[in-house]
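The values are calculated or read from the model by the stated rules, or taken from the named source; none is laboratory data. What you are looking at is a predicted structure, and each value in this text was computed from that prediction instead of being measured. All Cβ positions, glycine included, derive from the backbone under ideal geometry; neighbour counts span all protein chains shown.
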Amino acid sequence: MNLLHKCFGWGLGYTLVNKGNGNTTRIRDVVIVGGGTAGWMAATALSRYFNDGQRQITLIESDAIGTVGVGEATIPPIREFNSMLGISENEFLSETRGTFKLGIEFVNWGRKGDRYFHPFGFHGQDLHGIPFHQLYLRERALRGAAAGSIGEFSMSSAAAAQGRFGRPSAKAKPPVSEIRYAYQFDANLYAAYLRKLAEQQGVRRIEGKIVGVRGDAESGDVTAVELEGERTVEGQLFIDCSGFRGLLIEDSLETGFEDWSRWLPMDRAFALPTSGSGSPDPFTRATAHDAGWQWRIPLQHRTGNGHVFSSAFTSEDAARDILLRNVEGEALAEPRLLRFATGMRRKAWNHNVVALGLSSGFLEPLESTSIHLIQNGIARLFALFPDWPIDPRDRDDYNRGMRELYEDVRDFVILHYKATERDDTEFWRYVRNMEVPETLAKRIDQWQRRGRVFRENAELFTMPSWVAVMLGQNVWPETHDPMADTLDKHKVAMAMGQMRENYRSTAELLPTHEEFLRKAGAWHKGAG
């Protein structure tokens with residue numbers, strides 16, 4: 001269980017305990033409604049750690065119902081999830097046509113023509129306990145543009161800029177050991193890969209379309225789902241992975257939805273796969289347009305593209321045309337329109353139903369957090385896994401934690417829109433001038449005064465992430481922390497110059513991204 005808590009419960013702050021007592025019994029039947037990435041992630045994890053021969057884990061899905069499958073880019077904690085499942089990284093990348101991801105490149109966000117990189121990992125080295133970015137701010141104040149961009153002081157950024165990659169193994173020396181990475185992969189292939197593992201571990205998959213839900217009139221709990229063909233599947237704990245609809249959490253339990261569109265007005269997206277255009281980049285790109293932004297996710301066999309936009313500020317036809325004009329490679333399908341509302345369920349766990357993925361809520365994939373929200377939801381469920389009857393205190397703890405995570409991600413995504421100098425369209429004028437949540441307003445104020453970033457609770461995004469976006473979008477503080485002035489400016493300048501050159505020269509020695517994938521045996525034979 002220590003491995004489970006370390007690798008799977010990333011950032012939760014919970015411990016797993018045996019809560020059994022004489023007044024409860026163990027939950028025997030867990031029913032997962034819906035497949036896709038969320039459903040099969042839950043099924044695989046549950047079957048690995050709860051497959052004791054006394055529980056039945058059942059997943060119901062219908063081949064006639066498609067999956068959204070736009071969440072192809074991830075953040076580093078996905079590595080711990082795969083490791084917890086015993087998945088070989090090279091095999092996983094080959095099976096999912098995956099690539100490595102060192103961060104996200106943002107284009108046209110602060111101003112038109114601007115370009116910056118949000119890397120995984122950190123910037124430079126702290127000196128005498130003083131955060132590196134504070135030393136950078138002082139150096140920038142003294143030397144101006146000659147100090148370079150803060151992205152030049154990151155190993156992940158330096159490697160990405162040259163299209164190179166190195167795995168930070170236990171034998172790797174600094175600064176290669178500073179590389180942090182995630183993956184870019186085909187979400188549908190990932191779900192299929194997990195399905196194979198889950199079924200090998202005893203998960204029962206039932207093909208069929210759900211046509212009804214049965215509930216207990218007294219408790220309000222869901223007791224069973226009804227399938228076409230007069231079939232019934234009973235359960236004690238249900239996991240709703242049915243997508244935006246929320247078949248159990250919303251249609252049946254009427255949990256309610258908290259809308260955040262006043263801060264994040266995007267409500268549409270066109271998704272489009274194209275043929276690969278050369279060696280894949282080890283990063284995702286997000287390019288801002290007139291009323292939204294475009295994603296570009298390079299895989300081994302194709303490139304995933306999409307245009308997220310607000311229908312209040314542009315038409316679907318115009319958004320579709322923008323996407324088609326700005327993709328690289330040959331279109332492999334017609335653009336597919338997705339409609340969504342940004343926000344979250346008022347409760348992610350209601351009665352005996354836990355919602356995961358799109359059933360729980362939706363935040364646009366600007367920072368590639370969709371799959372992490374699923375992973376974190378599963379981790380919290382493991383940490384608070386109930387007995388029967390379910391203790392409402394477990395539900396309350398789960399819902400409190402998921403709300404904190406969703407709001408954390410929400411604020412960070414809003415920052416990308418609020419922290420802009422663009423005023424060239426009605427959309428950018430709106431987001432630039434809108435009121436933001438108090439939690440975000442406080443962070444921006446702290447940054448603008450002295451470049452300070454304080455992390456509270458078990459927040460997902462750490463100081464380097466906030467620094468990367470603030471500086472990348474030209475939000476410069478009035479001054480730096482006075483602690484930075486306690487160090488000799490000549491010695492600091494020399495140390496920073498050495499760091500900068502070390503990152504650049506080390507990146508030059510790394511293999512190209514594609515070379516690394518091929519030499520590692522992670523390149524799929526059918527990918528070209």
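For residue 365, all conditions in the list (1) of a type outside the set (Ser, Thr, Tyr); (2) under 15 Å from the mean Cα position of the chain (by Cα); (3) surrounded by 24 or more Cβ atoms within 10 Å (Cβ to Cβ) hold save one; what is the number of the exception?
Unmet for residue 365, out of (1) of a type outside the set (Ser, Thr, Tyr); (2) under 15 Å from the mean Cα position of the chain (by Cα); (3) surrounded by 24 or more Cβ atoms within 10 Å (Cβ to Cβ): (3).
Do you know which residues across the range 26-52 are of a type in the set (Lys, Arg) and part of a strand (DSSP E or B)?
26
Within the range 397-423, take every residue that is acidic (Asp, Glu) and in a helix (DSSP H, G or I) and give me the one that is farthest from residue 445 (Cα to Cα).
Filtering first and then ranking leaves 397.
Considering only the range 235-244, I want to know if a residue exists there that is surrounded by 14 or more Cβ atoms within 10 Å (Cβ to Cβ), more than 22 Å from residue 55 (Cβ to Cβ) and not acidic (Asp, Glu).
Checked the range 235-244: at least one residue is surrounded by 14 or more Cβ atoms within 10 Å (Cβ to Cβ), more than 22 Å from residue 55 (Cβ to Cβ) and not acidic (Asp, Glu).
Condition test on residue 521, is it in contact (Cβ under 8 Å) with a residue 24 or more places away in the chain, out of contact with any helix residue (DSSP H, G or I) (no Cβ under 9 Å at 6 or more places or on another chain) and not assigned by TED's automatic domain parsing to the domain that holds residue 130?
no
(1) over 25 Å from residue 107 (Cα atoms); (2) touching a Leu at 6+ places or on another chain (Cβ under 8 Å); (3) of a type in the set (Val, Ile, Thr): which one isn't true of residue 469, the others all being true?
Residue 469 satisfies every listed condition except (1).
Looking only at the range 336-354, count every residue that is within 23 Å of residue 41 (Cα to Cα), basic (Lys, Arg) and part of a strand (DSSP E or B) and tell me the total.
1
Hey, any hits in the range 397-409 for a residue that's modelled with pLDDT of 95 or more, more than 20 Å from the chain's Cα centre (by Cα) and not small (Gly, Ala, Ser)?
Within the range 397-409, one or more residues are modelled with pLDDT of 95 or more, more than 20 Å from the chain's Cα centre (by Cα) and not small (Gly, Ala, Ser).
Condition (residue is in contact with a Pro (Cβ under 9 Å, 6 or more places away or on another chain) and under 28 Å from residue 173 (Cα atoms)) applied to the range 472-481: is it met by at least one residue?
No, the range 472-481 has no match at all.
Yes/no per residue for (1) surrounded by 14 or more Cβ atoms within 10 Å (Cβ to Cβ); (2) of a type in the set (Asp, Glu):
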| position | (1), (2) |
| --- | --- |
| 396 | no, yes |
| 405 | yes, no |
| 413 | yes, no |
| 437 | yes, no |
| 445 | no, yes |
| 449 | no, no |
| 457 | no, no |
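Within the range 245-265, track down each residue that is assigned to a helix (DSSP H, G or I) and either of a type in the set (A, V, I, L, M, F, W, C) or buried (at least 20 other Cβ atoms within 10 Å of the Cβ) (or both).
247, 248, 249, 250, 252
Determine if the range 247-259 includes at least one residue that is at pLDDT below 95 and of a type in the set (Ser, Thr, Tyr).
no
Output the residue which, of all residues in the range 164-185 that are part of a loop (DSSP other than H, G, I, E, B) and touching a strand residue (DSSP E or B) at 6+ places or on another chain (Cβ under 8 Å), is farthest from residue 44 (Cα to Cα).
Looking at residues that are part of a loop (DSSP other than H, G, I, E, B) and touching a strand residue (DSSP E or B) at 6+ places or on another chain (Cβ under 8 Å), I get 165.
State all residues of the range 429-468 that are in a helix (DSSP H, G or I) and without any contact (Cβ under 8 Å) to a residue 12 or more places away in the chain; if no residue qualifies, say none.
Once the filter is applied, which keeps residues that are in a helix (DSSP H, G or I) and without any contact (Cβ under 8 Å) to a residue 12 or more places away in the chain, the range 429-468 yields 429, 433, 438, 441, 442, 445, 446.
Looking only at the range 268-288, decide whether some residue is closer than 26 Å to residue 27 by Cβ, under 27 Å from the mean Cα position of the chain (by Cα) and buried (at least 18 other Cβ atoms within 10 Å of the Cβ).
no
Quick test for you: out of 410, 403, 455, pick the one residue that is in contact with a helix residue (DSSP H, G or I) (Cβ under 7 Å, 6 or more places away or on another chain) and closer than 25 Å to residue 75 by Cβ.
455
Can you tell me which residues in the range 323-356 are more than 21 Å from residue 367 (Cα to Cα) and β-branched (Val, Ile, Thr)?
353, 354 - these are the residues of the range 323-356 that are more than 21 Å from residue 367 (Cα to Cα) and β-branched (Val, Ile, Thr).
Among 115, 48, which is over 23 Å from residue 354 (Cβ atoms), basic (Lys, Arg) and surrounded by fewer than 21 Cβ atoms within 10 Å (Cβ to Cβ)?
None of the others qualify; the one that does is 115.
Out of (1) within 30 Å of residue 520 (Cα to Cα); (2) surrounded by fewer than 20 Cβ atoms within 10 Å (Cβ to Cβ), the odd one out for residue 316 is which?
So the condition that residue 316 fails would be (1).
Select from the range 50-81 the residues that are within 19 Å of residue 377 (Cβ to Cβ) and modelled with pLDDT under 85 and write down the one among them that is nearest to the chain's Cα centre (by Cα).
71
Against the definition (over 23 Å from residue 516 (Cβ atoms), buried (at least 24 other Cβ atoms within 10 Å of the Cβ) and touching a Ser or Thr at 6+ places or on another chain (Cβ under 7 Å)), how does residue 123 come out, yes or no?
Yes, satisfied.
Look through the range 355-364, keep the residues that are in a loop (DSSP other than H, G, I, E, B) and of a type outside the set (Asp, Glu), and return whichever of them is farthest from residue 74 (Cα to Cα).
360
Are there any pairs, at least 6 apart or on different chains, whose C-beta atoms fall under 9 Å, with the first in the range 316-339 and over 14 Å from residue 287 (Cβ atoms) and the second buried (at least 16 other Cβ atoms within 10 Å of the Cβ) and acidic (Asp, Glu), and if so, which?
Listed by first residue and then by second, the contacts come to 318/290; 339/267.
For the range 5-45, enumerate the residues that are modelled with pLDDT under 85 and surrounded by 14 or more Cβ atoms within 10 Å (Cβ to Cβ).
Those that are modelled with pLDDT under 85 and surrounded by 14 or more Cβ atoms within 10 Å (Cβ to Cβ): 5, 7, 8, 9, 10, 11, 12, 14, 16, 24.
Any chance you could count how many residues in the range 150-190 are touching an Asp or Glu at 6+ places or on another chain (Cβ under 8 Å), of a type in the set (A, V, I, L, M) and under 19 Å from residue 502 (Cβ atoms)?
3
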